[in-house]
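What follows is calculated from the coordinates using simple rules that are stated; it is not laboratory data. Because the structure is a prediction, the values reported are computed rather than measured. Reconstructed Cβ throughout: ideal geometry from the backbone, glycine too, with neighbour counts over all protein chains shown.
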Amino acid sequence: MLKKIKADLHIHTCLSPCGDMEMIPTLIVKKAKSKGLDMIGICDHNSSENVIAIKKAGEKSNLKVLGGMEVTSKEEVHILALFDNDKDLSKLQKIVYKNLKGENDEELFGYQLVVNEQDEIIDLNKKMLIGATDLTVDEIVEFIHSLNGLAIASHVDRERFSLIGQLGFVPEGLELDGMELSPRYISEKKKLDFPMASGFPLVTFSDAHYPNDIGKTSTTFLLDEMTVVELKKALKNRDGRSILTYS
Ligand SMILES: [Zn+2]
Ligand SMILES: [Zn+2]
């Protein structure tokens, strides 16, 4: 049976250098539940090393967690990648790390904490996660799709680090599954409208870097199950699946 699913699929953790140290598994799950979210997506910059911990924390509280990553392209465009299968996500991780140079400057950008589901720090990631990969937007989207993932252009209304902001246009033939608009872009009537999105399905998520921002905006879908497969159908308006509301 189809159900209403309130989702915030763009949440960072303490692994992102710009993510608050409080973005730890139990707190993220607690905040998400208090905001009435049914499903969240974990998308740290160029890394998915905290995904399993948040998934385990989510299981205990009956919160669905999709694993993902926010990949930075060569052109400094952010692309959200979400997966049903951890193996597919780890394949993308290998590709991203292979194409990501440099070491993190902790003083300048912040610590990159890898944690377990009990919020204990188990490692410090030393890679330059805030940097850009050597992959083009087209290559990233192709890799995501070849691994059965969902590819959404992040915060396209922003001037920096967005597809439209960085390139000034949407490349022809780019097979994105959707475009995300920032919380500030949602209208009082809870509508999303962005002429430059060229007809791509629109979603809004929080891009939370701090606990209080989790669920700041969300998209409610009509889905049979909380999976990427079902989200893809909803974004295409297929088999009764759809985007219902923004909040
Ligand atoms: Zn971003
Ligand atoms: Zn982000």
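What about L108, is it farther than 18 Å from S90 by Cβ, more than 16 Å from ligand 1 (Cβ to nearest atom) and touching a Phe, Trp or Tyr at 6+ places or on another chain (Cβ under 7 Å)?
It is false that L108 is farther than 18 Å from S90 by Cβ, more than 16 Å from ligand 1 (Cβ to nearest atom) and touching a Phe, Trp or Tyr at 6+ places or on another chain (Cβ under 7 Å).
Of everything in the range 8-55, what is of a type in the set (V, I, T) and either buried (at least 23 other Cβ atoms within 10 Å of the Cβ) or in contact with a Gly (Cβ under 6 Å, 6 or more places away or on another chain) (or both)? Give them in sequence order.
I11, T13, I24, I28, V29, I40, I42, V51, I54, listed by residue number.
Would you mind finding the one in P201, P183 that is away from ligand 1 (no atom under 15 Å from the Cβ) and either farther than 17 Å from A7 by Cα or touching a Lys or Arg at 6+ places or on another chain (Cβ under 9 Å) (or both)?
P201
Quick one: K233 ticks every box in (1) in contact with a Phe, Trp or Tyr (Cβ under 9 Å, 6 or more places away or on another chain); (2) outside any loop (DSSP other than H, G, I, E, B) except a single one, so which number is it?
(1)
Tell me which residues, restricted to the range 97-112, are surrounded by fewer than 23 Cβ atoms within 10 Å (Cβ to Cβ) and either outside any loop (DSSP other than H, G, I, E, B) or within 16 Å of ligand 2 (Cβ to nearest atom) (or both).
First, the residues of the range 97-112 that are surrounded by fewer than 23 Cβ atoms within 10 Å (Cβ to Cβ): 97-111.
The answer is Y97, K98, L100, E103, E106, E107, L108, F109, G110.
For G68, which of the numbered conditions (1) within 12 Å of ligand 2 (Cβ to nearest atom); (2) outside any strand (DSSP E or B) fails to hold?
Result: G68 fails condition (2) only.
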